[in-house]
Amino acid sequence: MTTPFLQPEFFHVHVQRINDTDDGDILTPEQYAEFRDNNEAARAYGVDPADVETLFGWTWRLSAPGYLDSTDWSGVVDTLPEAITELRGMFDDSELLPYLCDELPGFSEFWKGYLISLAFTAMDMGSECGGGVLEPWSNPGGDISEVVDPDDVAAILDELERLDECRSDCLDFLCQAYHLIPEDKYELAGCDFHFTRNGHGTGFWDRDWNSGDVLTELSKPYGTAELCWRPKADTDAPSWDLAAYEFDITN
């Protein structure tokens, strides 16, 4: 993956904004101090000090680490998930996606739960009923999370050129549902997002979620995305090795 020159920055601060329009300019602390103490400087900038308001919230921009290049600070919103959503609407986030995921607390746990569930429901393309759990991920009587490495599942998605699509869905959903998910349930939420969007027999609607119905409705627009597998026709890899299988994503 190519490292983008401009990368996202988010700050939870109180900022000063010229409030004559909804999209008023964000002032740097230095500008605000100068305008506060020097009315002439403010007017030279075209600002009436009386039109400057203080806001508390999240603001964001793109900047180049180690360089002075950056976009202007944009907007002030109440929460970090809102700021991430706003930034994604302003810029092409195809290269920014991994950085945005890293910015959101709880995303790594959510993503882990999603990948484990994707492996748990993986279907045999050669079986009418979908078949059972893939042998490398089989753990009879045990928890599948004990035998599934989420990085292996992510690598499969990457080979299928579906990694960013799935990760984007997860980030978008989590930003919408962030206020509904307790901090200790991010991994379970990732599991249930996969189960619910794909119409499995369990999910947000079937567990002890205070807002299960709302989370279910938020999941539905994403549609289905299931991992499928079949044994490779010509391979020396043993059946317990993932290299013995080929994969696909069905919608």
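The values are calculated or read from the model by the stated rules, or taken from the named source; none is laboratory data. All figures in this text were calculated on a predicted structure; none of them were measured in a lab. Counting neighbours? That spans all protein chains shown, and the Cβs are built from the backbone with ideal geometry, glycine included.
Being surrounded by 14 or more Cβ atoms within 10 Å (Cβ to Cβ) and part of a strand (DSSP E or B) is the filter here; which residues of segment 193-251 pass it? Give the derivation first.
Initially, segment 193-251 is screened for residues surrounded by 14 or more Cβ atoms within 10 Å (Cβ to Cβ), giving 193-198, 200, 203-207, 209, 211-212, 214-216, 218-219, 222, 225-231, 242, 244-249.
Matches in segment 193-251: Glu226, Leu227, Cys228, Trp229, Arg230, Pro231, Tyr245, Glu246, Phe247, Asp248, Ile249.
Just one of Thr216, Thr196, Thr235 is touching a helix residue (DSSP H, G or I) at 6+ places or on another chain (Cβ under 6 Å), closer than 26 Å to Leu160 by Cα and free of Cβ contacts under 8 Å to residues at least 24 places away in the same chain; which is it?
Working: Thr216 fails: closer than 26 Å to Leu160 by Cα; Thr196 fails: free of Cβ contacts under 8 Å to residues at least 24 places away in the same chain.
Just one listed residue meets the conditions, Thr235.
Val153 - would you say it is among the β-branched types (Val, Ile, Thr), under 28 Å from Ser94 (Cα atoms) and in contact (Cβ under 8 Å) with a residue 40 or more places away in the chain? Walk me through how you get there before you give the answer.
Values: among the β-branched types (Val, Ile, Thr): yes; under 28 Å from Ser94 (Cα atoms): yes; in contact (Cβ under 8 Å) with a residue 40 or more places away in the chain: yes.
Here the answer is yes, as Val153 does meet what is asked.
Summed over segment 91-108, the residues that are out of contact with any Leu (no Cβ under 9 Å at 6 or more places or on another chain) and part of a helix (DSSP H, G or I) give a count of 4.
Of everything listed in (1) over 24 Å from Lys185 (Cβ atoms); (2) without any contact (Cβ under 8 Å) to a residue 24 or more places away in the chain; (3) in a helix (DSSP H, G or I); (4) not aliphatic (A, V, I, L, M), the single unmet condition for Glu161 is (3).
Taking the listed residues Asp206, Asp192, Asp213, Asp158, the one that is assigned by TED's automatic domain parsing to the domain that holds Lys112 and under 23 Å from Leu80 (Cβ atoms) is Asp192, with no other qualifying. Considered as a group, the residues in segment 59-79 that are in contact with a helix residue (DSSP H, G or I) (Cβ under 8 Å, 6 or more places away or on another chain) and surrounded by fewer than 19 Cβ atoms within 10 Å (Cβ to Cβ) include one that is farthest from His12 (Cα to Cα), and that residue is Ser74.
Taking the criterion of being among the acidic types (Asp, Glu) and crowded, with 18+ Cβ neighbours inside 10 Å, the only residue of segment 141-186 that qualifies is Asp169.
For segment 55-66, residues that are out of contact with any Ser or Thr (no Cβ under 9 Å at 6 or more places or on another chain) and within 19 Å of Glu95 (Cα to Cα) total 2. When Ile84 is tested against (1) over 30 Å from Ala155 (Cα atoms); (2) at pLDDT 90 or above; (3) of a type in the set (A, V, I, L, M), only condition (1) is not met.
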